[in-house]
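The values are calculated or read from the model by the stated rules, or taken from the named source; none is laboratory data. Note that the structure is predicted; figures quoted are calculated from it, not measured. Cβ atoms come from the backbone with ideal geometry, glycine included; neighbour counts cover every protein chain shown. The protein model used for the area step is the full one, side chains on, heavy atoms only, and it has no ligands, DNA or RNA in it. Shrake-Rupley method; radii C 1.70, N 1.55, O 1.52, S 1.80 Å.
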Amino acid sequence: MAVGAGTEIFGQVVQKRLRHSSQSLAVQSNLHPKTMHRALVAAGLIDRGTTDRIAGLETCDAVAGEALVGKILRGVPVRALPKTMNATRGQVIMLMENGFLKTIFPAGSVSSRPLISVDRHDVEDFLHRLEEQAVTVSAPSAGFVTIPRAAEASRRLSADIVRLLVDQRLKAVEQIAGTKGYLSILVDPDEIKRCLPVEEVILAPSKTEVAPILGVTPYALDAMMDDEVAPPLIRGIKDTGRGRATTRIDQSEILRFKREYVTLGELKQLSGRHHTFVQNQLDQAGVSPVRDPKKLKVFLYRRPEAELVFS
């Protein structure tokens, strides 16, 4: 029974609470009883068959229940994580997809907004693990960039770079004085290449991770994968094994795509010329985008034809 300390039962005063009900935890935490009840069910602390109905008799271990309440009260809503962590929404999704951050409850087990969150202690611990390795500088050393920029420059995955940081495998990490959060961490793409050969990558990257590797926006990647109008230019595979269903793209498919296609942005970098000049040269050589750039949301060319123009 959910009996609080100080309550007299059968002539004896209860010295310590041993059980909690949804109602007693709701009163203690100032949460709605139904929200508290659903949280206990989602956490497996009370019978899973009573999700939407409180019978009043369900109880849980007091210590476990209060620990869960602590996590909920410290919870940072997923929608608030980008601002809290100094990261973009896509970067937060990448961190969650790869297990660096986990919601208090498994994906899909709760629908109440106050419960779709990450324990603030977990967020702070993750950021601390990154920041404690960094040397504070007034200005970044030559070549040092943020994790997303390093992913683009090294052609590696942001998730793998984060894993290098978490495992303390990088020797050169910087942080500009006065900055904080995910995007404040600066790394050296050259060191990443040395520490992370391409063949070490095991898990196929998600769409969020692949977009910067290909040098396109997530919207352009979606358009390239769309098979409703024409055959997709790059194919993904569904992954439901890590909780949240996501689309991943195999490394061999990424390499095939990069062998066959090149973006206007990459051609600009390769030639060192303005994109208008690059486009004019391609037009004069009769090299056209593989599909309508307005629909594809990127200027994409067949690599052999385009590179021949600037060879």
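Pairing each residue of segment 205-224 that is within 18 Å of Gly99 (Cβ to Cβ) and without any contact (Cβ under 8 Å) to a residue 60 or more places away in the chain with any residue that is among the small types (Gly, Ala, Ser) and open to solvent by less than 20 Å² (accessible area, probe 1.4 Å), provided the two are 6+ apart or on different chains, yields C-beta distances under 8 Å for Pro205/Ala159. Where helices (runs of 4 or more DSSP H) fall wholly inside segment 59-164, the ranges with 3 or more residues that are modelled with pLDDT under 90 are 62-73, 89-97, 147-154. For segment 180-213, filtered to residues that are among the β-branched types (Val, Ile, Thr) and at pLDDT below 95, the residue that is most open to solvent (accessible area, probe 1.4 Å) is Ile202. Determine the pairs where a residue that is open to solvent by 50 Å² or more (accessible area, probe 1.4 Å), located within segment 89-109, has a partner that is at pLDDT 85 or above with Cβ atoms under 6 Å apart, the partner being 6 or more residues away or on another chain. Listed by first residue and then by second, the contacts come to Arg89/Pro82. In segment 57-87, which residue that is acidic (Asp, Glu) and open to solvent by 60 Å² or more (accessible area, probe 1.4 Å) is farthest from Ser24 (Cα to Cα)? Here the residue is Asp61. If the condition is being closer than 16 Å to Gly90 by Cα and basic (Lys, Arg), then segment 144-178 contributes only Arg149.
Taken together, the residues in segment 154-173 that are under 22 Å from Glu97 (Cβ atoms) and open to solvent by less than 80 Å² (accessible area, probe 1.4 Å) amount to 12. Arg235 - would you say it is within 23 Å of the chain's Cα centre (by Cα), assigned to a loop (DSSP other than H, G, I, E, B) and at pLDDT below 80? No, not satisfied. In segment 244-268, of all residues being of a type in the set (D, E, K, R) and part of a helix (DSSP H, G or I), the one that is surrounded by the fewest Cβ atoms within 10 Å (Cβ to Cβ) corresponds to Arg259. Consider Gln23 carefully, then state whether it is assigned to a helix (DSSP H, G or I), farther than 12 Å from Val69 by Cα and either at pLDDT 60 or above or not polar (S, T, N, Q) (or both). Judged against the criteria, Gln23 is a match.
With the structure loaded, tell me whether Lys295 is among the basic types (Lys, Arg), open to solvent by less than 70 Å² (accessible area, probe 1.4 Å) and touching a residue at least 12 places away in the same chain (Cβ under 8 Å) or whether it fails that test. Taking the combined requirement at face value, the residue does not satisfy it.
Of the residues making up segment 269-311, just one is of a type in the set (Ser, Thr, Tyr) and assigned to a strand (DSSP E or B), namely Tyr301. Name the one entry in Val145, Val135 that is in contact (Cβ under 8 Å) with a residue 24 or more places away in the chain, over 15 Å from Ile254 (Cα atoms) and open to solvent by less than 60 Å² (accessible area, probe 1.4 Å). Only one candidate passes the filter, namely Val145. Taking the stated definitions as given, is Ile116 buried (at least 19 other Cβ atoms within 10 Å of the Cβ) and under 19 Å from the mean Cα position of the chain (by Cα)? Answer is no for this residue.
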